[in-house]
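First comes the structure, then the notes that go with it.
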Amino acid sequence: MTRNSPPPTLPARMEAEFSGLLRELAACGHQAPTLLDRARLPGWCRRPLFFFLGYIAKAEGRVTEADIGYAEGVIKALKLSQRQRKRAINWFQEGKSVNELPRVRGLSFRLSNRLWPAPAITVAICLCHGSQLKGQPGKSRRYRCEDAIDQMGLPVSVSDDIFESYASKVWRRQADNLPQPTSYEQACQLLGVTRRETLTDIKRAYRRKVSECHPDKLAQQHMDAIEQRAAKDRLLRYQQAWELIKRRHKAAR
């Protein structure tokens, strides 16, 4: 798979679960603890979840307050008792202490994925969220996150789609600070969508973006010359992004 092409199709059951959980994540404002509160993660997922979070948190050599705060947020979302909380902290500490993941940590997910992929996907979303607490993750945090997702028996491409969802909705820069989009991924980020969304959904997002920069609408806002120029630049970028996406979909037929 290249970065400029739509993602490969997952097995049908996994694809349905994944798409649904990504929509739920967006509905939660991309707050994984809120998703956890709604998703009802099974108890057997707790140990690998906190172990993996500790493993990711130590990626850059130092566990930050943000990492600890996020782990506490996950504990709260799971409504753990004091005894369970102590266990979760111990599992987090265990994850911090290893440089390589033991395959046994993801075994329960690998065994359940074919019939019940939702727990593994939910945990994968939580791990990706933990990797990007300060924005787009660095290589070491992302690699450790991908390592954990692979151990759970999920395609690593799942992490690409999750991070893309954060990129398009959370990390997105202002359109007038972006260069002309040259890849499918850049075009989707500019329009605030992901590669997983249909062309119809992308077109709808494009129209919303364009309406924000329509000359008639701008005229009513009494913008100065600099603001008008910035709005026109955004409009141009949106148009360029939409044209690139249309060409890619046409070529893929």
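Checking each residue in region 120-174 for being closer than 24 Å to Val104 by Cβ and of a type in the set (Asp, Glu) picks out Glu146, Asp147, Asp150. Hey, among the residues in region 105-121 that are basic (Lys, Arg) and surrounded by fewer than 20 Cβ atoms within 10 Å (Cβ to Cβ), which one's nearest to Ala148 (Cα to Cα)? In this case the residue turns out to be Arg110. If the condition is being open to solvent by less than 40 Å² (accessible area, probe 1.4 Å) and in contact (Cβ under 8 Å) with a residue 40 or more places away in the chain, then region 129-143 contributes His129, Gly130, Ser131, Gly138, Arg141. For Ile68, state whether it is open to solvent by 20 Å² or more (accessible area, probe 1.4 Å), hydrophobic (A, V, I, L, M, F, W, C), part of a helix (DSSP H, G or I) and under 13 Å from Gly130 (Cα atoms). It is true that Ile68 is open to solvent by 20 Å² or more (accessible area, probe 1.4 Å), hydrophobic (A, V, I, L, M, F, W, C), part of a helix (DSSP H, G or I) and under 13 Å from Gly130 (Cα atoms). Selection of helices (runs of 4 or more DSSP H) fully inside region 134-251 by the criterion of at least 3 residues being at pLDDT 90 or above and not hydrophobic (A, V, I, L, M, F, W, C) returns 139-151, 157-166, 199-212. The residues of region 20-65 that are outside any loop (DSSP other than H, G, I, E, B), within 23 Å of Ser97 (Cβ to Cβ) and open to solvent by less than 40 Å² (accessible area, probe 1.4 Å), listed by number, are Cys45, Pro48, Leu49, Phe50, Phe51, Phe52, Leu53, Gly54, Tyr55, Ile56, Ala57.
The values are calculated or read from the model by the stated rules, or taken from the named source; none is laboratory data. Note that this is a predicted model, so its numbers are computed, not measured. No Cβ is skipped: glycine too gets one built from the backbone with ideal geometry, and neighbour counts run over all protein chains shown. The protein model used for the area step is the full one, side chains on, heavy atoms only, and it has no ligands, DNA or RNA in it. Shrake-Rupley method; radii C 1.70, N 1.55, O 1.52, S 1.80 Å.
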